[in-house]
Amino acid sequence: MKKFVALALGILTAIGGFVDIGDLVTNAQVGARFGLSLGGVVVIGVLGICVFAEMSGRVAACSGRATFDLVRERLGPGMGLLNLIASLFVTLLTFIAEIGGVALSIALVSSVSEVLVVPFIGILVWLVLWRAKFSIMEDVLGLLGLALVVFIVALWQLGPDWGQLVQQAVTMDKPEDEDWMTYAYYSVALFGAAMTPYEVFFFSSGGVEEKWTAKDLGTMRANVFVGFPLGGLLSLAIAGSAAMVFGPLGVEVDSLSQVGLPVGVALGKIGLAFVLVGFVAATFGAACETGLSTGYSLAQFFGWQWGKFVRPGAAARFHLVLILATLLAVGVLMTGVDPILVTEVSVVASAVALPLTYFPILVVANDRDYMGDHVNGRLANGLGTIYLLLVVVASVAAIPLLVLTGMGA
Amino acid sequence: MRTAVVAGLLALSVSACTASPADHQAWQESADHAVGAAITGVGTAQVVIDAAAQDHLTHPYGVIALTDALDTADGEVATFAAAQPPDDLQTDHTRILTALHEALTLLAEVRYAYASPGLTADQDRELGDRIDDELAALEELSASLTAGGLS
């Protein structure tokens, strides 16, 4: 019974913790402009993150060590440093976007300007990173993030033509008034949002924090292969709701307040309350995950003591990185920069950095010295190779598409 | 040789700072974008007002959604207004700017009225009708632009 509860809790938190500010904004933007015609990209992205999260979780469970720890050792300091720089840049950008997302969510409840709220959120995030137990942080925020399931209910209530939605997604039916370049740009942005690098660092480091062993592989796989796809369903529901409410009016999504509006339209104030709880939990949870990921990546690369499973005093440099990252995020947001703009840049930057993140994981998961009998099989390698090609294409195309489309304008 | 390169770079920098007219295609794209932003703002206001009329939104949420809509549209319109149009499109430019300013004024009115003291049923209907008319006008403008011009 205890094992079943742990399994269910893991799956539920994986669903609730799947969506972050990048998913919220990008899916709503895409839904409003393209309907569900880019739904296939979400499905491909979710399968991709499942493939690599399973790999990195397996690496953590079998070797007892996290990704960066092994990347430097297995691929050398040069490749490790390149991997570190790219991933750290994207993760920091995502961290800024997530804290900005929490501020925007709080502003929707309180009417207080997000710039004024940012310092308090920075302190709160840092306090959680410093004091809260890893499992409590993950479970509480993941479960509260489940409030976003309200998007699925809202989509149902809005009464779409399900056949048409499915047809749009399956045939990738681009609206006539959109050009292929913009369509491709948003495909890359959605792919980047679904496969954000920090997710695998956090997942593998979390496995070490929670002391996974080979016995936990079943639970880990259930979290990944059940929880993540159901989280992906939330992404599709966000896009579908935006398509239903904004699509017919020709309205584009530029703000977080617009992302939640379809739920208010469909379900009223109670639905809106769920949305607000979900927004705060999803962005706050992701802020904690990205914050920790900055500390994890630096500490693991340089061989410092890290993690929340040791006392803060024993991992002083790790906690110093968390403080500096939080100060940087707060400082950037206090300039008044639009968090939605930071989010849009961060998802494209994610796409650019994807090969540097995922290639080393594929290499380490194939090393029998670390993995023993749990080394990658044919299926994992086949899927891993296909996805590596896809992430290379997305990475190469991201910047030219960003420039040519004026960020999808 | 070095002096010539520096002089060339300086000339290039200075010419980049002058307000030379945009070419037709750049102006068209900029106009499309600004009209699209106005449609987004007014369309969002329509969703907010309709939902508020059914008591589906909390007041702070509605105010922020309207403020965001106004801010975004305002920024895009300001960018379009600051650009120098091609000489033969100045009349079209002025016509579009007038339409965009009407849309912004309506958005501001809706936001003020909704934020405080709040909308009565009559005001709600009246503003709703004006929003519908404004949206229709903007969509017509957008369609004309897409078709190749206003004249």
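All of the numbers you see were taken from the coordinates with simple rules; none came from a lab. Values in this document were obtained by computation on a predicted structure and should not be read as measured data. Because the Cβ atoms are built from the backbone with ideal geometry, glycine has one as well, and the counts that use them run over all protein chains shown.
Extending 7 Å from Cα along the Cβ direction at A:E73 and again at A:K211 yields two label points whose distance is 2.0 nm.
Determine the sum of side-chain charges near A:S235: Lys and Arg each +1, Asp and Glu each -1, restricted to other residues whose C-beta is under 12 angstrom from that of A:S235. For residues surrounding A:S235, the net value is -2. Tell me which lysines have Cα within less than 26 Å of A:K211's Cα, excluding those fewer than 8 residues away on the same chain? Cα-Cα hits under 26 Å: A:K2, A:K3, A:K133, A:K308. Seen from A:G250, the other residues with C-beta closer than 11 Å to its C-beta sum to a net charge of -2, counting Lys and Arg as +1 and Asp and Glu as -1.
All other residues whose Cβ lies under 11 angstrom from that of A:L292 are scored, Lys and Arg at +1 and Asp and Glu at -1, for a net of -2.
Within the stretch A:229-255, list the residues whose amide N lies under 15 Å from a label point set 7 Å along Cα→Cβ of B:A143. Backbone N within reach: A:249-250. Springs between Cα atoms under 10 Å define the GNM used for chain A, and in it the highest mean-square fluctuation of A:V391, A:V43, A:V280 occurs at A:V43.
Shown here for the stretch A:262-333: chymotrypsin sites (Phe, Trp or Tyr not before Pro) in loop regions (DSSP other than H, G, I, E, B) with at most 14 other Cβ atoms within 10 Å, namely A:F309. The stretch A:155-200 and the stretch B:35-82 have their alpha-carbon centroids 24 Å apart. For peptide B:31-40, the mean count of partner chain Cβ atoms within 10 Å of a residue's Cβ comes to 2. The aspartates and glutamates within cross-link reach of A:K215, meaning a Cα-to-Cα straight distance under 20 Å and a gap of 8 or more places when in the same chain, are A:E54, A:D367, A:D369, A:D373. When peptides A:53-63, B:29-39, B:113-123 are sorted by average Cβ neighbour count within 10 Å, with the highest value leading, the order is A:53-63, B:29-39, B:113-123.
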